[in-house]
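Undergrad: Following this message is one structure expressed as structure tokens.
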Amino acid sequence: MKFNELSRFIADIGRKYNIPCYDICIYYDHVNVYTNRRKLKSMGRNYYFLQSGTKIMVCAALMRLIQDYEASLNDSIWTYLPDFPQDITLAMMIAEYSRFNHAEDSVYSFSNIKRLIEVIADMPLEQYIEVIITNPLKMKETSFDLTGKNKKKLALQYRYDENTEKFVGY
């Protein structure tokens, strides 16, 4: 496969928006067919926030519980968390949680889906994700907790400043 045009496009975007670093991989049939990196001098074994990538892991964890017949998509959340409305199913919870960023006081918040998974799996969410996702994939340095050990390795975060039209570290 040829990726010359994609490489030029990525390089142009990197220059135009002053993107300090990126790491892009494309996989086809479980094989890495394309990699494009722009590194900072400080890059290496740094930790990065997954941001909405967390949703993928959380939804995969809930779907694994359903695959293992621990729950059903048609089950009411109320079955597991009696303080929830009875008319919300696991299917509705996954669809709504994965679609939007909800405030923590929302029924569809991260803390509520975390509670739901912990009740069904009978273990903390972080431990369940280690067991079913990160350990089998040998993702040894993936964590939901920012500890003293990994806080030192946290990569600089960037945001886009519309006034300067550049990415700035914070």
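The values are calculated or read from the model by the stated rules, or taken from the named source; none is laboratory data. Being a predicted model, the structure only gives us computed values, none of them experimental. Note: accessible area is taken over every heavy atom of the protein model, side chains too, but ligands, DNA and RNA are not part of it. Shrake-Rupley method; radii C 1.70, N 1.55, O 1.52, S 1.80 Å.
Undergrad: Working with all protein chains in place, sort 118, 165 by solvent-accessible area computed with a 1.4 Å probe, largest first.
TA: If we order 118, 165 from most to least accessible, we get 165, 118.
Undergrad: List, in the order given, every pair from 55/138; 2/151; 39/151; 16/114; 2/114; 114/153 whose Cα-Cα distance in the structure shown is over 31 Å.
TA: In this structure, 2/151; 16/114; 2/114 lie more than 31 Å apart at Cα.
Undergrad: Can you show me the helix-derived [θ] at 222 nm for the chain, built from DSSP H runs with n ≥ 4 at -39,500 (n - 2.57) apiece and divided by the number of residues, rounded to the nearest 500.
TA: It lands at -10000 deg cm²/dmol.
Undergrad: Quick check on the chain: what does the Kirkwood estimate of hydrodynamic radius come out to from the alpha carbon pairs, in Å?
TA: Hydrodynamic radius (Kirkwood, Cα pairs) of the chain is 18.9 Å.
Undergrad: Can you give me the long-range amide H partners of residue 88? Hydrogens built in the peptide plane at 1.01 Å from N, cutoff under 5 Å, separation of 5 or more residues or another chain.
TA: Excluding prolines and chain starts, which carry no amide H, the hits are 77, 78.
Undergrad: Something else: Could you calculate the contour length gain from residue 105 to residue 75, that is, 0.36 nm times the residue separation minus the distance between their Cα atoms, to one decimal place in nm?
TA: That pair, residue 105 and residue 75, stretches by 8.6 nm at full extension.
Undergrad: Angle check, please: helix 110-121 long axis (alpha carbons) against the longest principal axis of the chain (alpha carbons), in degrees 0 to 90, nearest 10.
TA: That helix lies at roughly 60 degrees to the long axis.
Undergrad: To continue, here is another question. Could you sort 9, 84, 100, 110 by their accessible area in this structure, using a 1.4 Å probe and putting the largest first?
TA: 9, 100, 110, 84
Undergrad: Sticking with this structure for a sec: Against the longest alpha carbon principal axis of the chain, how many degrees, from 0 to 90 and to the nearest 10, is the axis of helix 90-99 turned?
TA: 20
Undergrad: From Cα pairs below 8 angstrom and at least 6 apart in sequence, can you work out the relative contact order of the chain, rounded to a whole percent?
TA: 20
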